[in-house]
Structures are given as structure tokens and as C-alpha cells.
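Bear in mind that the values in this text are calculations on the coordinates, not laboratory data. Keep in mind it's a predicted model, so treat the numbers as computed, not measured. For neighbour counting, all protein chains shown are included, and Cβ atoms are generated from backbone atoms with ideal geometry for every residue, glycine included.
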Amino acid sequence: MDKAAYRLFHDKVGVARLHEQQWKIAFDPIIYGLLENIKTAAHAYTRNFSVPEVEISLSANQPHPKRCARMAGLLELEEGGRLFDRTDIFMDRPVRINGKKDEFAKPGKNARTTGDFGIPASIRGGYLMEALKLALSEMDMRIDGIPLRYVKAPKREILREVYKYMENNSMFVYHSDDSSLSLKCGDGMAYFNLDIAGCDCSQGPAVFRMLRQCTPDDQLWLIDLLIEQCAQECVLGYGAAKLRFKPVTYFEYSGTLLTTMLNNIANMCIGVHIIRNVDLTSVECCRASLEKVMLNCGWSCPAVRCDVFEGIQFLKTSPCYLVNGEIDAILNLGVILRVLGQKRGDLPGRGDLERRAFEFTAGLVSGFKHAGDHVFMSLLRSLYPKVEAIYGSNCLRYLEGSDIGSCDTNSLARRYGLQVQDIEEMCTLYQNSAYGDVIHCRASNAILELDYGLGIK
């Protein structure tokens, strides 16, 4: 089998067992009640929708990297008379499976794939998904008094509020398939990062049913069309080497409009399961019981314990203590190190390569304006002039919020199991480096290993 097809369809998590567990979860009274609450909250948004074709037009015209293509797709639907058809899923071809563009695979692993549904399908119901996410983000959802907090976007004001609460209180915080957990035990705090293995491919029919249940009645016709998109045939490759696959049930292709909400539902269910079953007698009891609890949560989801508070990682950020003792949310150092010194494709401009590299890096550093205030960012800002920002990753593109103070280097180092002098050594090496140099030190290795699993053994 082609490597991309293997990555997409290989059952590495045992979906049959997980799907059986997910059906039990779907009929759990507490989960059922939460879904009904989401439905009620979302209706406050959907009841104000105008006719669908107007909502589609407004959605397609929103600022987006593919706005021009979306507007062209909208015109195509309009001219073909399909825009007004409430039975049309807006798909004239199978889902095309492509390798994820401009992505480095982890060593020993195949690169990820995405599903291209076509431009018309991509504008079918994004406005409904936005309403569901807005409703979920505004809900005060608690189980036994412990908050389950959905964070809709990586805004530092919200993240620092979350981290301040998690320092000394129990909370489950999530966004799509990303989640972190703090638990207040009898003798202290325990912190964990959760990672749903093969989240997209492990979502069974029960999860699609739960999504439908939390959709307001006046939008069920639309959610059914979006779900039907996930039952369509997919194609991989071209010409004689083309492979076709037909899902036996609904399949969460990476690229469907439903991705974030399906994954939100998965994480919400996991959070409920943890809070209802974990032993909070002591930190050690908590860690031991959580490992067992996760075996029957409905998804393959290891809980990785954090030895320190700064070890929490959520939306590529972590908590860090400032010099005044406050807590801030800062961009993980690995995100910064990973984009410095490299460029996919040619450098912009013409002429001297070293000058172009410097100007490109200056643009990257300007793009880090929301990353946080610490010794490494201070060094970068002193070395490169402020220019038009270049966003080197989605996290930088969407991360918002101002600094509230300077980070304590001790806290920064603690996240990576380092000493302050290790961070200072990395800063010194970077300051004295020149075009063509490669930096490898204890700090850079530890940072890339923790944040991306890319350390050199």
C-alpha cells in the first residue's frame, strides 16, 4: 500500500474497540445533558441566521488565504443554480488525499495527509461550525465543580487566565484534539498533557451522532449534509496508479469542516470521564489511577505527566512566571527555534544571499511579536530591525495578545529541565553566530526534544 494511504487508513489505535466505547459514552446521561446544553446555547446564534445562501456568501467573503478561490466557487454554485439547493452537499468529485504541504515528518514516521473536498464543499456550512464553537467557548461547563474549558483561539489574555487558574485548581482545558489537565490532589497539584493518538481516524459514528445532537433543530438539514460529505469516496494518486477508497461509515477526513467540533466533542467526553473516575487522594494516586482511567475513555489518549507547572503545553504555549511573580502565557521556545535559519523554497528578493537571509529572518522575528518577553526574544529583537512581519507558522499567525512583563529565566529554564546558564549559553552562541553557522548546545537540544521530539540523541 502507498505510504500516504497507509498513514490514512492504518488502524494503529484499534478503532473497533474504541467505537464500541464511544457508543456507550454517547448515551451517558451526563454527556447527553452537556450536548443538549450546547444545542441550547448555539440556538442563540443560529436563530439569527438569514437564509442559507446569504450566510454562505458572507462566509465565503470573509478574510482568508483562499478568499479569491472561495468567491469563484460561490459564483460557480450561483450560476449553476446549486446555491439554493438544500439537498446538495456541493461535491462533484471524490475527496482528494494529498500529502500535507511544506511539513517535516518526525523521524521514522510518514508525513500527514489532508483531504481536499473542493472549494464549493469548503463553504457549505462553515458559518454553522463557527456558531457551535462560539457557543461552546462561552459556556461555563463543570463536572463536580471542575471546569471543562474550551479555548476557541490562542489569545494570550485567555491563556494566561487559564494558566493562572490551573496553577492551584483543577481544570480540563481543550481545543480540538489538544488538551491539558490540572488536578488538585490531597497533597498537591498534578499536571498533565493529553494527546489523542490518531484522533481523526478514531472518530466513530457515535461522535458524528453526538455532533448532530448538539446542533439546533433548525440546522439539522445542514449538519446532515456536512456529515454526508464525510461518507464520500476518496482518491489517492493520479493516472494508472490512482487508488480509490470508500469509507464503511462516516470518516473524519482531515480537511472536513467538522474537524474541530468532532475533536472538541471527543475531548469533552475524555474530560468528563477523567473527572468522574480519577483518584485525587494524593498526587501519586492521581498519576496511577489516571493511567488506568485513560484505557477506557473511548479514545487512545495517553496522559503525559508534567514534573513542573511550566511543563503544561497547550496551543504551542506554556505558562511562565514573570520576574514580578505573575504568570504569563508564552510561545514555546521550540516553535521559535524550529523556524529560525531555514526557508521552504527560495528566499525572497534578488541578489546577495546573505543579505536576503538576514532580511527574511528579520521578518520572522517581527512575526514573533506575541511570543513573550524573555532573554532569547530580547536578543532576537536587538539583532534584527523591525520590518513587515513574516509568519512562519499557523501558531504565530493566530496567536494574539501583549506581554504583561518580563519572564523569569529560571522559570523558562525549568520547563526544559535546564539551568539558567544553559539558556544564556544558547543566547551567547546565537549572538556570536554568523551566516552559515549551525548551533547545537544543551539548551537547543532539550528545547527541540521536548517541544517537537527533534532532539539529537
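Summing charges over neighbours of F360, with a neighbour being any other residue whose Cβ is under 12 Å away from its Cβ, gives 0 when K and R count +1 and D and E count -1. Note on L383 and D218: the model spin-label points, each 7 Å out from Cα along the C-beta direction, lie 5.6 nm apart.
If a spin label sat at a point 7 angstrom from the Cα of K164 along the line to its beta carbon, the backbone N atoms of region 300-336 nearer than 18 Å would be those of 310, 318-331. Our estimate of slack between N432 and A16, defined as 0.36 nm per intervening residue step minus the Cα-Cα distance, is 144.2 nm. Spin-label model, C68/V54: points 7 Å from Cα along the beta carbon direction are separated by 3.0 nm.
For V323 and I456, the FRET efficiency from 1/(1 + (r/R0)^6), where r spans their Cβ atoms and R0 equals 35 Å, is about 0.65.
The protection proxy used here, the mean number of other Cβ atoms lying within 10 Å of each residue, ranks peptides 233-241, 116-124 as follows, highest first: 116-124, 233-241. Cross-link partners for K184 among the aspartates and glutamates, with Cα-Cα distance under 17 Å and sequence neighbours closer than 8 places in the same chain left out: D144, E167, D279, E284, E291, D307, E310. In this structure, L295 and Y32 have a Cβ-Cβ separation that, at R0 = 25 Å, corresponds to a calculated FRET efficiency of about 0.60. Each peptide in 304-316, 258-270, 193-205 gets a packing score, the mean of other Cβ atoms within 10 Å over its residues, and the list from highest to lowest is 258-270, 193-205, 304-316. Under a Cβ-Cβ cut-off of 9 Å, what is the net charge of the residues other than V335 that fall near it, where Lys and Arg count +1 and Asp and Glu count -1? Its environment carries a net charge of +1.
Given their separation in residues at 0.36 nm each and the Cα-Cα distance between them, F358 and A240 gain 37.9 nm when the chain is fully extended. Rounded to the nearest 20, the Cβ-based charge dipole of the chain about its Cα centre (Lys and Arg +1, Asp and Glu -1) stands at 900 debye.
For T113, the residues 5 or more places off, or on other chains, whose built amide H falls under 5 Å of its own are K100. Here the 3J(HN,Hα) profile of region 365-376, calculated from phi with Karplus coefficients 6.51, -1.76 and 1.60 at θ = phi - 60°, is 4, 5, x, 8, 5, 9, 6, x, 10, 8, 4, 6 Hz, Gly and Pro shown as x.
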